[in-house]
């Protein structure tokens, strides 16, 4: 058994989000894209009625992002977040800058117990991340 984080995003954002996260975090990549019609048939390219699903990894952990019609997307809450423990302060600083750009810093950077830096950021796609180093 395994658990895979599944992000439901407004139609047209799954690709952009997956590429963005793959560029922000070390050991991350987009691993696949699938477009499916309402009938369940896979298509070679997106259509007006197809749904796009993008598989990707963040720090080696598999994720899935799916485009949905806006009426089906429920706003995310920062009560649910993804904690990423980075190995170096430089990695933390890079991730913080990328996620904070067009995002919202929910908890400012600070020293917290055994961690040198900790923060919560809701990014431009509405997904909240905890960064620690």
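The values are calculated or read from the model by the stated rules, or taken from the named source; none is laboratory data. In this text the structure is predicted, and so the values were computed from the model without any measurement. Note that we place each Cβ from the backbone using ideal geometry, even for glycine, and neighbour counts take in every protein chain shown.
What the table shows:
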| read-out | value |
| --- | --- |
| Exclusive hit being part of a loop (DSSP other than H, G, I, E, B) and not assigned by TED's automatic domain parsing to the domain that holds residue 128, set 23, 55, 77 | 77 |
| Any chance residue 62 is outside the structural domain of residue 126 (by TED's automatic domain parsing) and either in contact with a helix residue (DSSP H, G or I) (Cβ under 7 Å, 6 or more places away or on another chain) or not in a loop (DSSP other than H, G, I, E, B) (or both) | yes |
| Residue check, residue 31 farther than 21 Å from residue 124 by Cβ, modelled with pLDDT of 95 or more and surrounded by 13 or more Cβ atoms within 10 Å (Cβ to Cβ) | yes |
| First in region 6-21 and at negative phi and modelled with pLDDT under 95, second anywhere and surrounded by fewer than 16 Cβ atoms within 10 Å (Cβ to Cβ) and outside any helix (DSSP H, G or I), Cβ under 7 Å, 6 or more apart | 11/69 |
